[in-house]
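The block underneath contains the structure these notes are about, expressed in structure tokens.
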Amino acid sequence: INNSDSPIMNVKFCTTEKLNILKFPKIDVNESLSKFLSMKNNESDGGYILIFTRANGNIERYKRGYYTNGNSLDRWIKVNVEKDTTLVKFSGTGY
């Protein structure tokens, strides 16, 4: 969800294994997108990576959460991009 005051560009979301990368060229202000991140080929422990570019050109990178043995511990991840911060919420156990 882009709750900031400008579009965000080149959004990428993946695991630290980088086997599948979700790519969104642009997320407009107040736009919400949802997509499934397949982890069927993941085998190790790791976390989730979010990378995007703000309108001012600043590239932001976040590594959050945890998965083990290639399996998510959560059912969904909600990301809120705000004007001055990014909030990530994990919920619903996946096991």
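What relative contact order, as a whole-number percentage, does the chain give when Cα pairs under 8 Å and 6 or more residues apart are counted?
28 percent.
Net charge near S44, counting Lys/Arg +1 and Asp/Glu -1 over other residues with Cβ under 13 Å of its Cβ?
-2
If each residue of separation counts as 0.36 nm, what is the full-extension length gain between K83 and R54 once their alpha-carbon separation is subtracted?
Once the chain is fully extended between K83 and R54, it gains 9.5 nm.
Hand me the chymotrypsin sites (Phe, Trp or Tyr not before Pro) from the stretch 23-60 located in a DSSP loop with no more than 10 other Cβ atoms within 10 Å, in residue order please.
Those that pass, being in a loop and sparsely packed, are F36.
Please work out how many pairs of lysine residues in the chain are eight or more positions apart (or on different chains) and have Cα atoms closer than 15 angstrom.
13
Counting only C-alpha contacts under 8 Å and six or more residues apart, can you give the relative contact order of the stretch 41-95 as a whole percent?
Relative contact order here is 29 percent.
When the chain is modelled as a GNM with alpha-carbon springs shorter than 10 Å, which of G70, G47, G57 fluctuates the most?
Ranking G70, G47, G57 by mean-square fluctuation puts G57 first.
Where a ≥ b ≥ c are the square roots of the eigenvalues of the C-alpha gyration tensor, would you call the stretch 42-95 rounded, which needs a/c under 1.5, or, failing that, prolate if a/b is larger than b/c, or oblate?
Since a/c reaches 1.5 but b/c is at least a/b, the shape of the stretch 42-95 is classed as oblate.
Ignoring ligands, DNA and RNA, what accessible area per residue does the stretch 1-86 give at 1.4 Å, in Å²?
So the stretch 1-86 comes to 64 Å² accessible per residue, rounded to a whole number.
Considering only protein heavy atoms and a probe of 1.4 Å, how much of the accessible area of the chain is carbon and sulfur, as a whole percent?
Carbon and sulfur atoms account for 48 percent of the accessible area of the chain.
Which trypsin sites (Lys or Arg not before Pro) from the stretch 1-55 combine a DSSP loop assignment with at most 11 other Cβ atoms within 10 Å?
K18, K35, K40
The values are calculated or read from the model by the stated rules, or taken from the named source; none is laboratory data. Note that the structure is predicted; figures quoted are calculated from it, not measured. A quick note on method: Cβ atoms are made from the backbone with ideal geometry, for glycine too, and the neighbour counts reach across all protein chains shown. Side chains included, ligands, DNA and RNA excluded: accessible areas come from the protein's heavy atoms. Shrake-Rupley method; radii C 1.70, N 1.55, O 1.52, S 1.80 Å.
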